[in-house]
Amino acid sequence: MMAATRLLCTRTAGFMLVCRYARFHFCSHRTARIDRNSLRKVASECRCTAASALLRERTHTDTRYSHLVRIMQSLIAALLFGARVAAQKPQLAQTPPMGWMSWEVFRCEVDCAKNPDACINERLYKQMALALQTDGYVAAGYKTISIDDCWESGTPGVLRRPGESLQMNASRFPSGPKALADYIHKRGAKFGIYSDEGTQTCQGYYGSQGYEDLDARTFASWGVDYLKLDGCNNDAAGFATGYPAMGRALQKSGRDIVYSCSWPAYIGDDEAAKPYDAMADAGCHLWRNWHDIQCEWSSLRTIMNHWGNNSVALEKAAGPGRWNDPARPRA
């Protein structure tokens with residue numbers, strides 16, 4: 001099919017009816033992911049009267065084109081089928097995802113004996129899910145309860161063994177991830193979790209680099225609705241392959257999972273130089289652009305100044321299904 005597609009994208013005049021949208025998506029290097037709106041445009045244009053007339057004319061007047069006609073008809077049928085399938089699948093993050101994430105205040109506190117009311121355990125996330133429901137935040141749209149780093153079992157600094165699945169710390173999450181997800185879902189909220197597109201997370205737990213398919217299936221089986229994928233212990237070259245790998249894995253997981261990428265936060269301060277289109281093509285629904293917020297006003301001020309100084313570039317990058325995350329909503 002790809003060879004036939006390249007053939008259709010030559011300068012053969014009669015077959016340029018595959019048009020600007022098809023040429024953009026099939027002749028560029030962005031063939032891994034076609035967004036639904038463009039797919040519909042391709043299907044619509046390929047059904048137009050002029051295209052049909054041209055196909056008939058070429059078929060009857062020049063047998064040299066008959067093979068190309070059959071290829072084009074197959075392509076049109078595939079596009080129409082893809083448009084119908086895509087229309088049945090809900091688009092994610094059409095508005096900016098909102099909710100609560102633990103990192104700013106609770107960080108990586110894992111000593112629940114010493115700090116029972118301020119540690120990373122299932123009690124904390126159940127309390128927050130109930131509070132957001134009871135106080136009306138879930139009804140107002142603040143629906144995602146997100147775990148950040150330090151939920152995993154194991155010892156920080158130890159590398160992951162091949163084929164090893166991620167597991168929650170059993171002493172701090174005794175009911176397990178699926179039960180926690182069910183509790184959150186019953187309160188009308190969504191369950192968010194954290195991993196890292198590196199060999200280890202920022203705090204040294206297992207990362208997802210090289211394990212994207214396995215981890216996506218794991219998260220889907222747990223009932224995860226939102227994944228924050230951090231960028232510690234990797235580099236720009238690794239991000240360019242790793243974040244798309246997780247995006248593809250999530251799309252194959254069988255569950256709708258909003259995908260938050262920390263890719264741009266690790267590649268400098270110049271927002272105009274960051275590859276936001278590549279991030280969207282990777283499947284990212286939102287991305288943390290810059291520094292994490294700290295529990296002090298000076299941190300908030302620097303984030304606001306950064307956004308003000310880069311507003312033109314950031315505005316161009318954002319839209320339904322592809323949002324900037326200033327880190328402020330993490331409070």
When (1) touching a residue at least 12 places away in the same chain (Cβ under 8 Å); (2) of a type in the set (A, V, I, L, M, F, W, C); (3) in a helix (DSSP H, G or I); (4) exposed (fewer than 15 other Cβ atoms within 10 Å of the Cβ) are applied to Ala139, the one that fails is (3)
Filter result for Gly154 (of a type in the set (Gly, Ala, Ser), at pLDDT below 95 and surrounded by fewer than 18 Cβ atoms within 10 Å (Cβ to Cβ)): yes
Considering residues of the stretch 117-135 that are in a loop (DSSP other than H, G, I, E, B) and modelled with pLDDT of 95 or more only, the residue surrounded by the fewest Cβ atoms within 10 Å (Cβ to Cβ): Asp135
Take the conditions β-branched (Val, Ile, Thr), assigned by TED's automatic domain parsing to the domain that holds Lys178 and more than 23 Å from Tyr194 (Cβ to Cβ) and apply them to Thr302. Does it pass? yes
Going through (1) over 21 Å from the mean Cα position of the chain (by Cα); (2) surrounded by fewer than 22 Cβ atoms within 10 Å (Cβ to Cβ) one by one, Gly238 fails only at (1)
Can you tell me which residue within the stretch 145-196, out of those that are assigned to a loop (DSSP other than H, G, I, E, B) and touching a residue at least 60 places away in the same chain (Cβ under 8 Å), is farthest from Asp111 (Cα to Cα)? Ala189
Inspect the stretch 199-218 for any residue being part of a helix (DSSP H, G or I), modelled with pLDDT of 95 or more, basic (Lys, Arg) and within 21 Å of Tyr243 (Cα to Cα) and give the result as yes or no. yes
Determine, yes or no, whether Gly163 is under 26 Å from the mean Cα position of the chain (by Cα) and exposed (fewer than 12 other Cβ atoms within 10 Å of the Cβ). yes
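The values are calculated or read from the model by the stated rules, or taken from the named source; none is laboratory data. Note that the structure is predicted; figures quoted are calculated from it, not measured. Quick reminder, even Gly has a Cβ in these numbers, built from the backbone with ideal geometry, and neighbours come from all protein chains shown.
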